[in-house]
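Everything below concerns the one structure shown next.
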Amino acid sequence: MAIFAFGINHKTAPVAIREQVAFTPEKLPKALTGMLEQSPASEAAIISTCNRTELYCELHANDSDALIRWFEDFHSLEHKALEPYIYSFTDQDAVKHILRVASGLDSLVLGEPQILGQIKDAYGTAADAGTIGRQLNRLFQHTFSVAKQVRTDTAIGSSPVSVAFAAVSLAKRIFANLQDHTALLIGAGDTIELVARHLKDQNIKKMIVANRTVERAQLLAEQFNAEAIALSDMPSRLVNADIIISSTASQLPILGKGAVESALKARKHRPIFMVDIAVPRDIETEVGDLRDVYLYTVDDLHDVIEEGQQSREQAAEQAEEIIENETQHFLGWLRSLDAVDTIRLYRDKADVIREEALQLAQKQLASGKDPAQVLQELARAITNKLVHDPSVQLNRAAYDGRNELLDMAQELFNLNSDNN
């Protein structure tokens, strides 16, 4: 069995493709159980964010094509539509990849910390669905440990650079002074919370949080002295918004061209800056065609993000060294699984030898035989039976000229001149 990983991300596929293969939180449990039922995978976890969708599985390496077909069928997409964008990794490369992802080395924003939380959520969902077994459980636990080590031992997260930070930085370029402007934040998840934090640091005049669940919007709004509204009230409040940043899990756009046109008229065409961080997109692409609207998606934030990359590059080199070492440690554990059955069989055989010798010794003691003599015979019997088969096989190996087996026996039994 192999650890197999495949998927698409912001490096290999545009947002239009990524949004077609995203798994919503509601669909994830069914997708996980369906994967085990309908594909060759025996363990599975799915990481699905705005920048990547990746599947981690345990399966035979030659079954990987069947798993990718399941993925395409689940999303009702043809192979040729996805083939140019998919990457895949097996065993060592798969382990190294998830360690790099969790440490922020494969992110749009180098070293961004949010991906680790998203991976932990993905692990929790898979564990709840019952699709995590021994190998993936160990892989994810190792991943969490390594990501923490990277954060602790390097300065990879020292600069406040993220998609949220990039969005606010871009807003400052459009509006030099955010103290005179109002921001409408659509959604109430972690990304929007981070956006709100950066906007507060920039002394934004006012924030409005719109969410499908008003109670959740209220919880977020209370942290930043903002106003909470229902998503249904959002169209009437667009007129107040100079900045709109959206990040929801909606499968369909929630802000259309008509609503924005009406708001622009009411605003007497004062400009609106918009960033759509969501995948699938929250804002209709046609909104970007309107005059006085500056609409950006996550793919448009690359230039802004690159400005904060340089300070993390040296830390990334140190992180790569940690990941290389920890990849080998995990692979060592994985290889050790091959010895488990052999060790178990040898222990079982030793237990049988011990029980047989012990029963004989107990009978001798019961018959009144000298205990010291019984102990001597017990020790001799166990030793003779344990070394009998290896001795026979080593003699046969020597007779056949298989010197490599003799050398391995020296290592296996830890034999050297000090033991003689």
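The values are calculated or read from the model by the stated rules, or taken from the named source; none is laboratory data. Small disclaimer: the values here were computed from a predicted structure and weren't measured. Using ideal geometry, Cβ is built from the backbone for each residue, glycine included, and neighbour counts are taken over all protein chains shown.
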*without any contact (Cβ under 8 Å) to a residue 60 or more places away in the chain, surrounded by 17 or more Cβ atoms within 10 Å (Cβ to Cβ) and of a type outside the set (D, E, K, R), is that true of I382?*
yes
*So which pairs qualify, if the first residue must be in segment 389-406 and over 22 Å from I353 (Cα atoms), the second must be among the small types (G, A, S) and part of a helix (DSSP H, G or I), the Cβ gap must be under 7 Å, and the two must be at least 6 apart or on different chains?*
L405/A397; L406/A397; L406/A398
*Given A122, A176, which one is free of Cβ contacts under 8 Å to residues at least 12 places away in the same chain, over 22 Å from T297 (Cβ atoms) and out of contact with any helix residue (DSSP H, G or I) (no Cβ under 7 Å at 6 or more places or on another chain)?*
A176
*Does any residue of segment 296-316 turn out to be in contact with a strand residue (DSSP E or B) (Cβ under 9 Å, 6 or more places away or on another chain), surrounded by 18 or more Cβ atoms within 10 Å (Cβ to Cβ), within 30 Å of Q179 (Cβ to Cβ) and charged (D, E, K, R)?*
no
*Mind listing whichever residues of segment 127-152 are of a type in the set (V, I, T), in a helix (DSSP H, G or I) and touching a residue at least 60 places away in the same chain (Cβ under 8 Å)?*
V146, V150
*Among L184, L110, which is within 28 Å of T90 (Cα to Cα) and either out of contact with any Ser or Thr (no Cβ under 8 Å at 6 or more places or on another chain) or surrounded by fewer than 18 Cβ atoms within 10 Å (Cβ to Cβ) (or both)?*
L110
*Sort through L331, L375, L365 and tell me the only one that's in contact with a Pro (Cβ under 7 Å, 6 or more places away or on another chain) and at pLDDT 90 or above.*
L365
*So, of the residues in segment 137-152 that are within 11 Å of the chain's Cα centre (by Cα) and among the aliphatic types (A, V, I, L, M), which turns out to be surrounded by the fewest Cβ atoms within 10 Å (Cβ to Cβ)?*
L139
*Considering A372, A366, A357, which residue is free of Cβ contacts under 8 Å to residues at least 60 places away in the same chain, out of contact with any Gly (no Cβ under 6 Å at 6 or more places or on another chain) and surrounded by 10 or more Cβ atoms within 10 Å (Cβ to Cβ)?*
A357
*Has segment 89-101 got any residue that is in contact (Cβ under 8 Å) with a residue 60 or more places away in the chain, more than 22 Å from T125 (Cα to Cα) and more than 20 Å from the chain's Cα centre (by Cα)?*
no
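Matching residues to (1) of a type outside the set (D, E); (2) under 20 Å from R270 (Cα atoms); (3) not assigned by TED's automatic domain parsing to the domain that holds A210:
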{"residue": "Q149", "(1), (2), (3)": "yes, no, yes"}
{"residue": "R173", "(1), (2), (3)": "yes, yes, no"}
{"residue": "N177", "(1), (2), (3)": "yes, yes, no"}
{"residue": "L184", "(1), (2), (3)": "yes, yes, no"}
{"residue": "G189", "(1), (2), (3)": "yes, no, no"}
*Take R267 and decide whether it is surrounded by 15 or more Cβ atoms within 10 Å (Cβ to Cβ), of a type outside the set (A, V, I, L, M) and either touching a residue at least 40 places away in the same chain (Cβ under 8 Å) or not assigned by TED's automatic domain parsing to the domain that holds T191 (or both).*
no
*Within segment 236-279, restricting attention to residues that are among the hydrophobic types (A, V, I, L, M, F, W, C) and part of a strand (DSSP E or B), which residue is nearest to N203 (Cα to Cα)?*
I243
*Collect the residues in segment 195-213 that are farther than 17 Å from R267 by Cβ and either surrounded by fewer than 18 Cβ atoms within 10 Å (Cβ to Cβ) or outside the structural domain of K257 (by TED's automatic domain parsing) (or both), keeping them in residue-number order.*
R197, K200, D201, Q202, N203, R212, T213
_Tell me whether segment 241-255 contains one or more residues that are free of Cβ contacts under 8 Å to residues at least 12 places away in the same chain and surrounded by fewer than 20 Cβ atoms within 10 Å (Cβ to Cβ)._
no
*For segment 153-165, how many residues are buried (at least 22 other Cβ atoms within 10 Å of the Cβ) and either within 12 Å of the chain's Cα centre (by Cα) or not in a helix (DSSP H, G or I) (or both)?*
3
*Residues in segment 94-126 that are within 25 Å of W333 (Cα to Cα) and either basic (K, R) or in a loop (DSSP other than H, G, I, E, B) (or both): how many?*
7
*Hand me the list of helices (runs of 4 or more DSSP H) wholly inside segment 1-93 holding 3 or more residues that are surrounded by fewer than 17 Cβ atoms within 10 Å (Cβ to Cβ).*
28-38, 64-74, 79-82
